[in-house]
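These notes are about the structure you will find just below.
Derivation of every value follows stated rules applied to the coordinates shown; laboratory data play no part. It should be emphasised that the depicted structure is a prediction, and the values quoted were computed from it without experimental measurement. Note: ideal-geometry Cβ built from the backbone for every residue, glycine included; neighbour counts use all protein chains shown.
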Amino acid sequence: MADETPENEEATEQAKAAAADAAMALDAIEAEAAAELPATDIEAAVPVPHATAAAQAPEGPAEPGPRPNRRKVREGIVVSDAMTSTVVVAVVERVRHPKYGKTVQRTKKLYVHDAEDTAKVGDRVRVQETRPLSKLKRWRLTEVVERAR
């Protein structure tokens with residue numbers, strides 16, 4: 001190491017003192033927050049150990065929590081359950097006519113993967129978009145909203 005000048009030593013000592021003050025302030029804040037928690041919440045009352053600089057994640061645009069699910073969700077009526085682990089669901093969509101402005105209904109048949117064969121004809125079901133499962137199947141059954149009477 002090169003010989004240290006008095007200015008460098010003084011700057012180093014000031015930096016160490018500032019770091020110690022910051023650590024003491026953080027400990028005081030954690031102790032105050034732990035005192036405010038109810039006694040029943042033991043896990044939250046335990047102070048979290050400080051993360052080292054090497055263990056911290058790199059700075060950047062990080063998303064909090066899991067990534068958002070952008071898959072389409074539709075609701076429709078089961079019109080066929082003749083196939084194994086597949087049902088056909090009719091989804092009715094209301095759209096305005098581009099030229100005349102009248103609301104019209106468009107029905108689309110979706111082939112839906114139903115692994116447990118729970119849906120029967122006439123059931124109202126909720127389906128979600130998924131990866132291609134076969135030539136026509138691109139949807140999976142998420143729940144049976146209402147059973148047929």
Scalar couplings 3J(HN,Hα) for the range 132-143 by Karplus 6.51 cos²θ - 1.76 cosθ + 1.60 (θ = phi - 60°), nearest whole Hz, x for Gly and Pro, are x, 9, 7, 4, 10, 7, 10, 10, 10, 6, 9, 7
Expressed to two decimals, the range 73-146 has a Cα Rg over Rh, using the Kirkwood radius, of 1.05
Here the net charge surrounding Arg140, from other residues whose Cβ is less than 12 Å away from its Cβ (Lys, Arg +1; Asp, Glu -1), is +3
